[in-house]
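What follows is a single structure, written as structure tokens, with notes after it.
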Amino acid sequence: MESLTIKNLTKSYKNVEVLKNISFSVNKGEFISVLGASGCGKTTLLRLIAGLEKSDSGSIEIEGNDSAYLSAVQRNVGMVFQNYSLFPNMTVWQNVTYALKSKNRKNKSFDIRWVEDIIQKCELQTLLSRYPYQLSGGQQQRTAIARSLVMNPHILLLDEPFSALDVTIRQNLRILIKQLQNDFGVTMIYVTHDQEEAFTLSDRIIILYEGVVQQIGRTDEIFKYPQNTYVENFIYKQLMERYENLCKIVAPSKVMVFE
């Protein structure tokens with residue numbers, strides 16, 4: 001079953017076409033990364049799916065329902081941002097449950113076991129009484145992820161959520177987000193400019209360049225069969241450059257030159 005279907009989606013700002021006739025679908029429970037350099041339209045695509053922006057044309061179907069003109073609240077799509085976006089005057093517990101309480105304002109109740117399960121899996125049990133300023137960046141991002149997951153969204157969108165964190169924390173959160181996807185079966189769409197991140201996490205990858213989809217495929221397909229010169233250069237050149245730079249630091253004698 002398809003969790004998301006996008007057909008011929010376009011978006012312009014001040015006569016500059018940011019997304020050009022985008023079409024793809026995402027299966028239920030799938031982890032898709034949208035990969036591309038800065039300015040290629042990745043974040044705009046996510047904001048259109050979330051309902052934070054309106055498209056110029058095209059359709060967005062979520063769980064089989066036409067959602068292009070629904071509000072962000074009506075779409076039941078979660079979104080995790082790079083800057084956490086937590087309420088500074090609320091504790092971890094209050095941040096995680098705020099939207100859930102608002103949604104269930106009439107009956108003033110929610111499934112506490114569901115919330116506790118997510119809190120445990122996000123490793124927040126000992127932090128519930130703390131405020132955002134008392135948390136590390138990784139702890140704040142885990143709080144933001146838990147806040148989105150408790151709403152049981154059809155799709156969870158992640159907009160470069162780990163790019164502001166150091167390497168060790170980023171690697172730990174990659175493991176966490178993949179484990180959460182496996183545990184809860186939630187469909188995830190992950191925006192990144194980091195090839196390593198995309199190839200580590202994804203079931204499939206969408207490569208964007210100047211608002212156009214260059215290739216969609218499994219990681220092995222993209223490595224073995226790049227569909228054009230841009231994909232080949234973007235993947236190989238940058239990955240090999242990172243490898244060579246690392247070797248220069250840790251093992252200069254092992255640097256390999258890739259043509």
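Might you let me know whether the range 183-206 holds any residue that is more than 22 Å from A146 (Cα to Cα) and of a type in the set (A, V, I, L, M)? Within the range 183-206 (the criterion being more than 22 Å from A146 (Cα to Cα) and of a type in the set (A, V, I, L, M)), the answer is yes, since at least one residue qualifies.
No other residue among T192, T200 is closer than 18 Å to L156 by Cβ, among the β-branched types (V, I, T), touching a helix residue (DSSP H, G or I) at 6+ places or on another chain (Cβ under 7 Å) and buried (at least 22 other Cβ atoms within 10 Å of the Cβ) apart from T192. Considered as a group, the residues in the range 31-62 that are assigned to a helix (DSSP H, G or I) and touching a residue at least 24 places away in the same chain (Cβ under 8 Å) include one that is nearest to G78 (Cα to Cα), and that residue is A50. Please tell me if R105 is part of a loop (DSSP other than H, G, I, E, B), modelled with pLDDT of 90 or more and not hydroxyl-bearing (S, T, Y). Answer is no for this residue. Residues of the range 176-204 being assigned to a strand (DSSP E or B) and within 27 Å of D111 (Cα to Cα), which ones? Within the range 176-204, T187, M188, I189 qualify.
One residue is enough: does the range 19-30 have a residue meeting the conditions in a strand (DSSP E or B) and of a type in the set (D, E)? Write out each step before concluding.
Narrowing the range 19-30 to residues in a strand (DSSP E or B): 19-27.
Now drop any that are not of a type in the set (D, E), which leaves none.
Within the range 19-30 (the criterion being in a strand (DSSP E or B) and of a type in the set (D, E)), the answer is no, since none of the residues qualifies.
Taking the listed residues A164, A99, A146, the one that is touching a Cys at 6+ places or on another chain (Cβ under 8 Å), within 28 Å of K42 (Cβ to Cβ) and among the small types (G, A, S) is A146, with no other qualifying. Consider the range 111-127 and keep the residues that are surrounded by 15 or more Cβ atoms within 10 Å (Cβ to Cβ) and in contact with a helix residue (DSSP H, G or I) (Cβ under 8 Å, 6 or more places away or on another chain). The one that is nearest to T91 (Cα to Cα) is L127.
So which residues in the range 1-18 are hydrophobic (A, V, I, L, M, F, W, C), over 17 Å from the mean Cα position of the chain (by Cα) and not in a loop (DSSP other than H, G, I, E, B)? Within the range 1-18, L9, V16, V18 qualify. Residues that are at pLDDT below 90 and open to solvent by 70 Å² or more (accessible area, probe 1.4 Å) were ranked within the range 71-94; the one that is nearest to the chain's Cα centre (by Cα) is Q82.
Looking only at residues that are in contact (Cβ under 8 Å) with a residue 40 or more places away in the chain and loosely packed, with under 14 Cβ neighbours inside 10 Å in the range 2-26, which one is farthest from T187 (Cα to Cα)? Residue satisfying both the conditions and the ranking: N8. The requirement of being more than 30 Å from S102 (Cβ to Cβ), in contact (Cβ under 8 Å) with a residue 40 or more places away in the chain and of a type in the set (A, V, I, L, M, F, W, C) is fulfilled somewhere in the range 183-198, by at least one residue. The sole residue among F184, F162 that is closer than 21 Å to F31 by Cβ, surrounded by fewer than 20 Cβ atoms within 10 Å (Cβ to Cβ) and in contact with a helix residue (DSSP H, G or I) (Cβ under 7 Å, 6 or more places away or on another chain) is F184.
Counting the residues of the range 137-175 that are in contact (Cβ under 8 Å) with a residue 12 or more places away in the chain, in a helix (DSSP H, G or I) and within 16 Å of D203 (Cα to Cα) gives 1. Before we move on, is W114 outside any loop (DSSP other than H, G, I, E, B), at pLDDT 95 or above and aromatic (F, W, Y)? Judged against the criteria, W114 is not a match.
Scanning the range 203-215 for residues that are open to solvent by 40 Å² or more (accessible area, probe 1.4 Å) and within 16 Å of the chain's Cα centre (by Cα), we see that the one that is nearest to A37 (Cα to Cα) is R204.
The values are calculated or read from the model by the stated rules, or taken from the named source; none is laboratory data. Given the structure is predicted, the values throughout are model-derived calculations rather than measurements. All Cβ positions, glycine included, derive from the backbone under ideal geometry; neighbour counts span all protein chains shown. Side chains included, ligands, DNA and RNA excluded: accessible areas come from the protein's heavy atoms. Shrake-Rupley method; radii C 1.70, N 1.55, O 1.52, S 1.80 Å.
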